[in-house]
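Here's the structure, in structure tokens; my notes come after.
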Amino acid sequence: MWSTAREIAAGDVVIVWLTRDLLQPLLITPGKDFNSKFGNYRHSDLIGIPFGSKVGSRNGKGFINVLRPTPELWTMALPHRTQILYLADIAFITSWLDIKRGSRVIEAGTGSGSFSHSVARSIGATGHLWSFEFHEARATKAREEFTRHGMADIVTLAHRNVCKDGFAIIDTVDSVFLDLPAPWDAVDHAKRALRKDRTTRICCFSPCMEQVLRTVNALNEAGFTEITMYETLIRPHEVHQIPSLLPIGDVSDRLKKAEQRREEKRLRQIANARSNLSGKRKRSDVADGEPVEGADDTGNKRVKTDDEDEIGSRIVAEGSEANCNPPEPVRVANFPDTLSSGGEVPSTDAHMSSSKINLSKAMPEVRGHTSYLTFAVLAPAAKVADPLGSEVSAHHV
Ligand code: SAM
């Protein structure tokens, strides 16, 4: 798929990255110009420069980046002839359908070919994609693109109404993906196309619940199991990077030293309180002229009294109150289970390195409903002996 050379050549497709939201495919054709609000560029000036280059415009109005196409970039840049599948759905469907190197897959309809490009890359030269489209102009355009993008050996595109005429493929494919207005009409045809010697999978992509329900009925009737519906939504995350983190060893040393200082201060306060109390008592004892219970030879009072205990504990309490000024929030940067964010940053996820931490906060707003994804599984046929003694495959009725 696409050029793997380091430099751009005539006839290559490049993706022109203008802004994050504005990407455009460009077929490099010597003699042509590319004009945009970011300036004017000659195609011939792009020939020979490496893919990924940043190129300044001829009229000084800005710059563009010329990128090597990938299925992801193609989905972001392709000319829309229909609604298309976007990357979150594509990734989820590919994973659930277990599409991988060597897989044989059916998709209908082809539409703008967004899903087809990702599938073609996943299955590689050892797999095959049969793509069906009943709109003739769309089928022709998609076929041209598949050829230009080097996918002709991997993808076979047929102009066909699959609901009416089926796929004309029997017991062959590992998975089927239906992005059609009436997928339930193609479920039996899909079952016929799926191989029966192993577990196979189907996915139907429909924008509304009424369509989902009709599809689920059709899947049930056709004997598919594990029918499951998903919706892929996009939830933006706000990411904060917190600098100046300490390694956990330093944090622990700092905490130990702070604790030691607090303990020394507490003991000093108790000692001061005791000596004040003892001074007061001594003065009053001397004034009264009475011997004090527990006084030593010199007349000094024994250290421990109930009063003292009270004062001691009051001081400890005050001391701890004084020390209750929270220590500076410590952010630990080593292990997720020792993470302390100091309650400052609402965190739902944390990524750490030895000197930095990334905290992310999920935004309440959820975007991106495109469609509901209904998945199902077709179990392999059980082998049963037929009356003539040979083995036949029994499948769902
Ligand atoms: N998945 C495609 C993509 O990612 O670019 C988009 C598919 S588009 C939403 C649906 C396509 O299905 C349309 O191009 C339409 O012409 C085609 N279609 C609708 N009914 C069909 C049928 N019965 N047989 C074949 N194609 C059909």
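The values are calculated or read from the model by the stated rules, or taken from the named source; none is laboratory data. What you see is a predicted model, and the numbers here were worked out from it, not measured in a lab. When we count neighbours, we look across all protein chains shown, and the Cβ atoms used for this are built from the backbone with ideal geometry, even at glycine. Please note that ligands, DNA and RNA were not included when accessible areas were found on the heavy atoms of the full protein model with its side chains. Shrake-Rupley method; radii C 1.70, N 1.55, O 1.52, S 1.80 Å.
With Cβ to Cβ distances under 12 Å as the rule, what net charge do the other residues near Ala120 carry (K, R +1; D, E -1)? Result for the neighbourhood of Ala120: -1. Of the solvent-accessible surface of the range 74-231, computed with a 1.4 Å probe over protein heavy atoms with every protein chain present, carbon and sulfur atoms account for 51 percent. Among the listed pairs Lys257/Lys361; Lys32/Lys141; Lys32/Lys61, those with a Cα-Cα distance over 24 Å are Lys257/Lys361.
How much net charge surrounds Asn161 when only the other residues with a Cβ under 10 Å from the Cβ of Asn161 are counted, with Lys and Arg +1 and Asp and Glu -1? That sum, taken over residues with Cβ under 10 Å, equals -1. For Gly39, neighbours were defined as the other residues whose beta-carbon sits under 10 Å from its Cβ, and their charges (Lys and Arg +1, Asp and Glu -1) total +3.
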